[in-house]
Ligand code: ATP
């Protein structure tokens, strides 16, 4: 199987003591892989390590090419878009300007309008609000904008950090349906960090589980959903 992303024996730290202790993770090309784990397990840190934002050792490969130690700008140009937790939109800029900034790393400038049309197809709400400052959007709209901005870069891989956080269940459901659609028709691979494991396992085809910086389980989403121990610890009574 071809991999969009591979992590081999990856360790990462914020300068003192490692947070990831040699993790192996693979994201197959196309579709969604969920990275699950409790608070503080190292999910956000894993995404930061992939993006080149923190000191990382081991091997990170993007479509077979080693990217370990490269700068965040280079990794973005190579096709990785990061939707950080807290969304990271520029609140004092308009929706349109946020989307323009997203296109900054796009390979072909000429595709701007096509990318924009595609984002508006997925998120018609953003089209209605192009001139509005991002800071005045609802939580759900800001999350749409963060994802729309990532799509403007025409990425091959999107890293999503807890897109469901702080959103009402009905909004989360809509958002996850759109993510499913994006993964299906745009052929973009996604690594989805979620604390809401039930939700993530419904969307994902594959999943992995982190526990205090160690990867303790991985497999298909179905395998992880059926694992009794995981179900007890992470999935509640469903
Ligand atoms: P959550 O769901 O709560 O965000 P997480 O699985 O994403 O959890 P991380 O944010 O990756 O976990 O945190 C893993 C560990 O790294 C935690 O112990 C945290 O305190 C530590 N950590 C996170 N950011 C920093 C930082 N900037 N400097 C030092 N330590 C950090």
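Rule-based calculations on the coordinates, nothing more; no lab input. On a predicted model such as this, the values are computed, not experimentally measured, just so you know. Here the Cβ positions follow ideal geometry from the backbone for every residue, glycine too, while neighbour counts run over all protein chains shown.
The GNM of the chain, with springs linking C-alpha atoms under 10 angstrom apart, assigns the highest mean-square fluctuation among 217, 200, 12 to 217.
Quotient of the Cα radius of gyration of the chain and 2.2 N^0.38 Å, N being its number of residues: 0.97. This ranking places 122, 14, 234 by how few other beta-carbon atoms lie within 10 Å of each, fewest first, which gives 14, 122, 234. Beta bridges per DSSP, both residues in the chain: antiparallel share near 55 percent. Rounded, prolate or oblate: which one fits the range 59-114, using the alpha carbon gyration tensor with axes a ≥ b ≥ c (rounded when a/c is under 1.5, else prolate when a/b beats b/c, else oblate)? Here the range 59-114 falls in the oblate category. As a length-normalised measure over Cα pairs under 8 Å and 6 or more apart, the relative contact order of the range 1-60 settles at 44 percent. Shape class of the range 101-224 from the Cα gyration tensor (axes a ≥ b ≥ c, square roots of the eigenvalues): prolate, since a/c reaches 1.5 or more and a/b is larger than b/c.
Over the chain, DSSP H runs of length four or greater, each weighted -39,500 (n - 2.57), average out per residue to a 222 nm ellipticity of -10500 deg cm²/dmol. Stokes-Einstein diffusion for the range 87-127, with the hydrodynamic radius set to the Kirkwood value over Cα pairs and evaluated at 25 °C in a medium of 0.890 mPa s, equals 226 µm²/s.
For the range 1-80, just say rounded, prolate or oblate: build the C-alpha gyration tensor, square-root its eigenvalues into a ≥ b ≥ c, call rounded for a/c under 1.5, and beyond that prolate if a/b exceeds b/c, oblate if not. Oblate shape, in that a/c is at least 1.5 and b/c is the bigger or equal ratio.
The relative contact order of the chain, computed from alpha carbon pairs under 8 Å that lie at least 6 residues apart in sequence, is 27 percent. Peptides 41-49, 143-151 ranked from most to least packed by the mean count of surrounding Cβ atoms within 10 Å: 143-151, 41-49.
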